[in-house]
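Undergrad: Got a structure for you, questions after.
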Amino acid sequence: IPVVAALGAALCASLRGRRAFSGLAIGVALMKPTIAVPFVLPYLVRRDWPALIALSFYCAAGSLITYLVLGADPLTMLGQLRLVGDYLATEGNIGLTRGLVSIGAEPAQATGFAAAGLLTIGAAVSWNWRKSDLLDLFAVAAYVGRFWTYHRVYDDVMLVFLSLAVVRAAARDTTRRTALVALSVVITLALPARLQAYPAVQLAQIVIWTV
């Protein structure tokens, strides 16, 4: 929740024209990179330099402090994160990494392919939509963030940005189909955690979020 709150603060700050603060908020959200990394894409495709510069300074300062306190450089930390991702490739809800491992891929291969593939797709979609509202780009980032690596059910809160985007679309386009899509997305995110533990429910969620 703190990570999603930081992402929400970044969105609100950017919409209010506080672009540097928005970049700092993204930096705070990167405390959990498995969620926040895809949210850097909207700033890259929009060439939001004030936000990107602030983000870079924040990450540099954070890396320096981490090195001084723990003696670990950023590359070492990233390497450890990758090893954790490989170990947890088959954990959490249904996702691309679990699917690849189930058909015979090694965890390290599955993790790398899923991350590279989905980040590339997310970057392409974001570039195509670069003139869209930031909320729409955050919705794309949330979708990519959910599937580019392993996640537990409690991480699905990141999809609040997808939910907000489709609800806004339904408010603007009052067709029955749009309203049905928005309602379906909201319902999938509001399901109790015990129901989301069932693979059939998780597959239904994936289909609805993708549509």
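Undergrad: If you count only protein heavy atoms and use a 1.4 Å probe, how large is the accessible surface of Cys59, to the nearest 10 Å²?
TA: So the heavy atoms of Cys59 present about 50 Å² to solvent.
Undergrad: Dimensions of the range 99-211 along principal axes (Cα, Å, largest first)?
TA: Projected onto its principal axes, the Cα set of the range 99-211 covers 46, 36, 21 Å.
Undergrad: Can you work out the Karplus-derived ³J(HN,Hα) for every residue in the range 10-22? Use 6.51 cos²θ - 1.76 cosθ + 1.60 with θ = phi - 60°, whole Hz, and x for glycine or proline.
TA: Per residue, the Karplus-derived 3J(HN,Hα) values read 5, 4, 4, 5, 5, 5, 8, x, 8, 5, 5, 5, 4 Hz.
Undergrad: Still on this structure, please answer the following. Using a 1.4 angstrom probe with every protein chain in place, what is the largest-first accessible-area order of Arg168, Arg177?
TA: Arg177, Arg168
The values are calculated or read from the model by the stated rules, or taken from the named source; none is laboratory data. Owing to the predicted nature of the structure, the values given are computational and were not obtained by experimental measurement. When the accessible area is computed, the model is the full protein with side chains, heavy atoms only, and any ligands, DNA or RNA have been set aside. Shrake-Rupley method; radii C 1.70, N 1.55, O 1.52, S 1.80 Å.
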